[in-house]
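Enquirer: Before I ask anything, here is the structure I am working with.
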Amino acid sequence: MTSDNLWQASASSEVIIKRACLLRQVRDFMLKREILEVDTPSLSHFGISDPYIQSMTTSCASDKEEILYLHTSPEFCMKRLLASGLGSIYQIAHVFRNEESGKRHNTEFSMLEWYRTGFDYYQLMDEVGELLLEIGLQAPDKMTYAEAFEQTIQVDPHKIDSRELQKLCKQHGWDASLDDRHALLDFLFSEVVIKTLNCAKPLIIYDYPECMSALATLKLSDPIVSERFELFIAGMEIANGFNELSDANEQLQRFEKELATRRSLGLAEAPIDKRFLAALEAGLPECAGVAIGIERLLMVLSEKDDINAVSTFTLGTN
């Protein structure tokens with residue numbers, strides 16, 4: 001017999017019930033718009049190349065020498081379904097990221113991801129606002145990434161050079177010597193810009209720099225800008241969305257560039273998902289997609305400042 005009292009849930013019964021209500025509201029929202037719920041595997045033979053997101057790995061009994069990757073997002077499989085002609089789809093999935101846990105992040109968390117065929121990212125921003133209204137929150141204000149920087153630290157993030165970015169980072173507490181625009185801008189945005197902006201209402205920041213484009217398209221009229229947006233509530237990132245890149249060759253080049261960055265940082269490399277690239281070659285419909293952290297959204301709805309307070313069980317008690 002053990003006296004271990006860590007068997008109890010991390011979240012209160014009230015929060016667990018609120019989570020169930022939120023998931024029901026999300027499913028009702030999608031049903032009204034005829035967005036199909038899908039389910040895809042959590043395990044893959046392929047990982048991701050993004051140097052700023054770390055995958056978790058495992059193996060199976062049939063071949064313990066073969067590395068399997070727990071998905072950090074259901075994105076690649078969902079886009080394979082989009083290429084097959086299913087139309088607009090969504091999924092609520094458990095995802096895994098090998099990062100330090102904190103007040104806003106657990107290694108395992110729940111993600112709502114949805115794709116709207118025939119939508120651009122402006123239309124999807126509006127639909128995200130409609131979802132917020134549906135669950136009892138305010139519709140978001142909108143601001144470009146450049147406007148956010150100009151209002152807070154008075155620089156144009158698309159034109160400032162890396163040396164000036166390094167100086168700004170040093171002024172705000174990070175003596176960065178690396179020449180990585182993504183990392184430098186991300187530090188300034190997360191540690192200065194978003195903390196300085198008035199976030200009394202939900203806020204969508206859109207039109208991120210090209211170096212942060214990930215799987216997003218670039219503006220034809222201004223290719224230093226990516227057609228990407230993020231939603232923030234009370235200064236906390238809740239969602240990440242964009243116009244989806246459909247060019248397989250461009251996507252492969254981005255993957256290879258990211259792998260080169262991983263090598264320079266001494267990070268493990270994972271095989272590129274060739275099946276995902278094959279789906280792009282077959283033809284991804286024009287669409288926009290967004291991913292929302294369920295626990296973070298629940299933190300807002302429950303007025304909690306710690307993700308453990310809205311997680312049924314945490315890794316420390318599981």
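The values are calculated or read from the model by the stated rules, or taken from the named source; none is laboratory data. Being a predicted model, the structure only gives us computed values, none of them experimental. Reconstructed Cβ throughout: ideal geometry from the backbone, glycine too, with neighbour counts over all protein chains shown.
Enquirer: When the residues of segment 101-144 are filtered to those that are in a loop (DSSP other than H, G, I, E, B) and over 17 Å from MET236 (Cα atoms), which remaining residue is nearest to the chain's Cα centre (by Cα)?
Expert: Here is the first cut: in segment 101-144, the residues in a loop (DSSP other than H, G, I, E, B) are 101-107, 118-120, 135-140.
Restricting the remaining residues to those that are over 17 Å from MET236 (Cα atoms) gives 107, 118-120, 135-136.
Details: THR107: 14, GLY118: 21, PHE119: 19, ASP120: 18, ILE135: 20, GLY136: 22 Å.
Selected residue: THR107.
Enquirer: Taking segment 257-272 on its own, how many of its residues are hydroxyl-bearing (Ser, Thr, Tyr) and under 20 Å from LEU215 (Cα atoms)?
Expert: First, the residues of segment 257-272 that are hydroxyl-bearing (Ser, Thr, Tyr): 261, 264.
Now drop any that are not under 20 Å from LEU215 (Cα atoms), which leaves 261.
Looking only at that region, the number is 1.
Enquirer: Are any residues in segment 24-64 closer than 30 Å to GLN253 by Cβ and of a type in the set (D, E, K, R), and if so, which ones?
Expert: Initial filter on segment 24-64 (closer than 30 Å to GLN253 by Cβ): 38, 40-58.
Residue satisfying the conditions is ASP50 alone.
Enquirer: Considering (1) assigned to a helix (DSSP H, G or I); (2) surrounded by fewer than 14 Cβ atoms within 10 Å (Cβ to Cβ), say which one ARG27 fails and leave the rest.
Expert: Of (1) assigned to a helix (DSSP H, G or I); (2) surrounded by fewer than 14 Cβ atoms within 10 Å (Cβ to Cβ), only one is false for ARG27: (2).
Enquirer: Show the residue pairs meeting these rules: Cβ distance below 7 Å; 6+ apart or different chains; first residue within segment 201-220 and of a type outside the set (Val, Ile, Thr); second residue in a loop (DSSP other than H, G, I, E, B) and crowded, with 21+ Cβ neighbours inside 10 Å.
Expert: From residues that are of a type outside the set (Val, Ile, Thr), the pairs are LYS201/PRO140; PRO202/PRO140; LEU203/PRO140; PRO209/PRO157.
Enquirer: In this structure, is VAL95 of a type in the set (Val, Ile, Thr) and part of a strand (DSSP E or B)? Full working, then the answer.
Expert: On the way: of a type in the set (Val, Ile, Thr): yes; part of a strand (DSSP E or B): yes.
For VAL95, the condition - of a type in the set (Val, Ile, Thr) and part of a strand (DSSP E or B) - is met.
Enquirer: In addition: Which one of the conditions (1) in contact (Cβ under 8 Å) with a residue 12 or more places away in the chain; (2) more than 16 Å from TYR208 (Cα to Cα) does PHE189 fail to meet, given that it meets all the rest?
Expert: Every condition holds for PHE189 apart from (2).
Enquirer: Taking the condition of being among the hydroxyl-bearing types (Ser, Thr, Tyr), assigned to a loop (DSSP other than H, G, I, E, B) and without any contact (Cβ under 8 Å) to a residue 60 or more places away in the chain, how many residues in segment 43-83 meet it? Even if it seems obvious, please write down each step before you answer.
Expert: Here is the first cut: in segment 43-83, the residues among the hydroxyl-bearing types (Ser, Thr, Tyr) are 44, 49, 52, 55, 57-59, 62, 69, 72-73.
This time we only want the ones that are assigned to a loop (DSSP other than H, G, I, E, B), so: 49, 52, 55, 62, 72-73.
Then drop every residue that is not without any contact (Cβ under 8 Å) to a residue 60 or more places away in the chain, which leaves 62, 72.
Number of matching residues: 2.
Enquirer: Something else about it: Given the criteria within 17 Å of ARG181 (Cβ to Cβ), under 20 Å from the mean Cα position of the chain (by Cα), modelled with pLDDT of 95 or more and not β-branched (Val, Ile, Thr), does SER226 qualify? Outline the logic, then answer.
Expert: Numbers: within 17 Å of ARG181 (Cβ to Cβ): yes; under 20 Å from the mean Cα position of the chain (by Cα): yes; modelled with pLDDT of 95 or more: yes; not β-branched (Val, Ile, Thr): yes.
For SER226, the condition - within 17 Å of ARG181 (Cβ to Cβ), under 20 Å from the mean Cα position of the chain (by Cα), modelled with pLDDT of 95 or more and not β-branched (Val, Ile, Thr) - is met.
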